[in-house]
Amino acid sequence: MQGYDLADAILALSLRDRSVERVEALRELPTAASLAITNSPKSPMAMAADQHIRLANGSDATPSSSGYTATLLAAGLAVEALTKAEAAGAKMDRLADLFRDRRAIDYVGAGASLGTADGASLLIREAARIPASAYDTRHYLHGPMEAMDATTGVVLFGDGREVEITRELDRIGCLTLLVTSRDDIDDGAALTVIRVARVDNLILQALVDIFPAQLLAAELSDAAGLT
């Protein structure tokens, strides 16, 4: 294999790291980005990879049960994170530049996402001293949205009417961030889209959704000199 670009990235899996073949593969492809998932950060495979995830799943049965499950879980989370091209952190420089001078920012969501919108608006008020309010999606369509323009910003959470509102706001030049699991809407001149995983558990969804808002609050707090 020496000298050939057979892979751009390698994900090496070995609970106890007793597989010489995986270490050899990592060493034969030094230009490939590599991630090892094992139980020991000092193992040969972990040392040969660029990055390492330690499972630390404790004692296991023979044959392995918790080790197998832990390996699948870690690999799934890692692949999901690595393949999300629009991960929240990657959009923060753009969002910080766009949102730093807003005279007001509205946060919009429906159902459980209204709680996310409310928490996110509080973050911006406290962290960046920017006037911010939270609204239910349906209510936002009939009144609050009319006051938004090119000097304001809106952050929406959801996959339904929120997408329609986002497109309308983008048309009038109002800076907008959409946090959604949908993949049929892309960034525009005034629009930034952050795609998140879609989960059935509403509390877990709230944890996923609030993360981009927390990062944005941190960026705007820095921009305002209020870190």
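The values are calculated or read from the model by the stated rules, or taken from the named source; none is laboratory data. None of these values were measured; they are calculated from a predicted model. Positions of Cβ are generated from backbone atoms using ideal geometry, with glycine treated the same way; all protein chains shown enter the neighbour counts. For accessibility, only protein heavy atoms count, side chains too; no ligands or nucleic acids. Shrake-Rupley method; radii C 1.70, N 1.55, O 1.52, S 1.80 Å.
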Which whole-number percentage describes the relative contact order of the chain, with Cα contacts under 8 Å and a sequence gap of 6 or more? 16 percent
Options (i) 18.9; (ii) 19.9; (iii) 20.9 for Kirkwood radius over Cα pairs in Å; the value derived from the coordinates is listed as (ii)
LEU141/ALA104 FRET efficiency (R0 22 Å; Cβ-Cβ; nearest 0.05): 0.80
Return one whole number: the accessible area per residue of segment 106-176 in Å², for a 1.4 Å probe. 43 Å²
Which angle between 0 and 90 degrees, to the nearest 10, do you get for helix 202-223 versus the longest principal axis of the chain when only C-alpha atoms count? 70 degrees
On a full-extension model of 0.36 nm per residue, what is the gain between ASP149 and MET47, subtracting their alpha-carbon distance, rounded to one decimal in nm? 31.4 nm
For segment 135-227, what % of the accessible area comes from carbon and sulfur atoms, probe 1.4 Å? 54 percent
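Please give the net charge around ASP149, taking every other residue with its beta carbon less than 15 angstrom from that of ASP149, where Lys and Arg add +1 and Asp and Glu add -1.
After counting each charged neighbour, the total is -2.
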Measuring from a point 7 Å past the Cα of ALA56 along Cα-to-C-beta, which residues in segment 8-35 have an amide N at less than 19 Å? 14-17
Could you compute how fast segment 179-227 diffuses translationally, taking Rh as the Kirkwood radius over C-alpha pairs and applying Stokes-Einstein at 10 °C with viscosity 1.306 mPa s? Give it in µm² per second. 129 µm²/s
